[in-house]
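The values are calculated or read from the model by the stated rules, or taken from the named source; none is laboratory data. Just so we're clear, the structure is a prediction, and the values are computed from it rather than from any experiment. For neighbour counting, all protein chains shown are included, and Cβ atoms are generated from backbone atoms with ideal geometry for every residue, glycine included. These accessible areas exclude ligands, DNA and RNA; they are computed on the full protein's heavy atoms, side chains included. Shrake-Rupley method; radii C 1.70, N 1.55, O 1.52, S 1.80 Å.
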Amino acid sequence: MLDKKSNDCEALFCMTKYKPELKAQIVQEYLSTSQSTNDLSEKYQISGRRIAEWVQRYQLRGIDALKKRRHKRIFTTDFKLNVIDYYQTHEDSMAEVASRFNILTAQVSSWRSQFERDSITALKPHPKGRPSKVKHTKKQARQLANKSELERLKEELAKKNQELYDTKMERDILKKSLSLFGPSKPGRKPK
């Protein structure tokens with residue numbers, strides 16, 4: 001009964017916490033023997049996808065990547081932009097980018113879609129809870145106005161950089177298609 005329950009849980013992608021020692025043991029077993037992730041998956045009753053993720057994280061970041069984090073991490077807007085930029089400018093998969101930056105694959109996907117939908121404002125940290133009813137002094141109001149102008153310019157720059165990236169990609173695609181198929185031959189002009 002217990003064994004069936006753990007298989008059902010694994011099939012539903014339960015968030016089971018595994019000890020770093022077990023992760024290290026499985027990774028070392030994978031690297032030192034000719035066993036596949038499927039073989040290890042059957043042996044330890046852990047999904048092969050999760051084992052492959054551990055191996056990839058270990059290969060990119062070492063043994064520390066397998067250890068449990070002790071505190072919640074807060075990511076800056078610049079860090080999120082760097083992750084998105086790296087993903088868009090390199091040919092790595094989302095999982096590889098996530099492993100490289102030591103974050104979850106879902107975070108890369110989420111940040112990317114938020115950025116495409118709402119630009120840089122979506123990546124900024126949002127205060128939790130109900131907004132306070134603090135009145136600002138004139139000096140604080142001026143600082144907020146200047147800050148909002150700076151934020152507007154940053155957003156505009158981010159949009160322009162995205163447009164430039166998209167344009168370069170289109171150009172590269174057109175160049176590649178011209179090299180593969182050659183220039184199109186002019187047809188008859190309609191009268």
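Can you give the direction-averaged projected area of the convex hull of the alpha-carbon atoms in region 93-173, in nm²? Each step should come with its number before you reach the end.
Values: hull surface 31.5 nm².
The number I arrive at for region 93-173 is 7.9 nm².
Once you reduce region 54-82 and region 135-171 to the center of their Cα atoms, the two points are 28 Å from each other.
Among rounded, prolate and oblate, which fits region 16-154 when a ≥ b ≥ c are the square roots of the eigenvalues of its C-alpha gyration tensor, a/c under 1.5 means rounded, and a/b larger than b/c means prolate? Since a/c reaches 1.5 and a/b is larger than b/c, the shape of region 16-154 is classed as prolate.
Are there trypsin sites (Lys or Arg not before Pro) in region 82-181 that DSSP marks as loop and that have at most 14 other Cβ atoms within 10 Å, and which are they?
Details: sites: Arg100, Arg112, Arg117, Lys128, Lys133, Lys135, Lys138, Lys139, Arg142, Lys147, Arg152, Lys154, Lys159, Lys160, Lys168, Arg171, Lys175, Lys176; in loops: Lys128, Lys133, Lys135.
Taking region 82-181 and a limit of 14 other Cβ atoms within 10 Å, the loop trypsin sites (Lys or Arg not before Pro) found are Lys128, Lys133, Lys135.
Give Lys43/Lys68; Lys23/Lys124; Lys17/Lys43 a once-over and call out the pairs whose C-alpha atoms are over 25 Å from each other. Going by Cα-Cα distance, Lys23/Lys124 fall outside the 25 Å limit. Take region 49-191 with all the other protein chains still there, run a 1.4 Å probe, and you get 83 Å² of accessible area per residue. Using the Karplus relation 6.51 cos²θ - 1.76 cosθ + 1.60 with θ = phi - 60°, the per-residue 3J(HN,Hα) values for region 61-75 come to 10, x, 5, 5, 5, 8, 7, 6, 6, 9, 9, 6, 9, 10, 9 Hz, with x marking Gly and Pro.
Ignoring any ligand, DNA or RNA, what whole percent of the accessible area of region 36-191 comes from carbon and sulfur when the probe is 1.4 angstrom?
Numbers: 6680 of 12550 Å².
Carbon-and-sulfur percentage of accessible area, whole number: 53.
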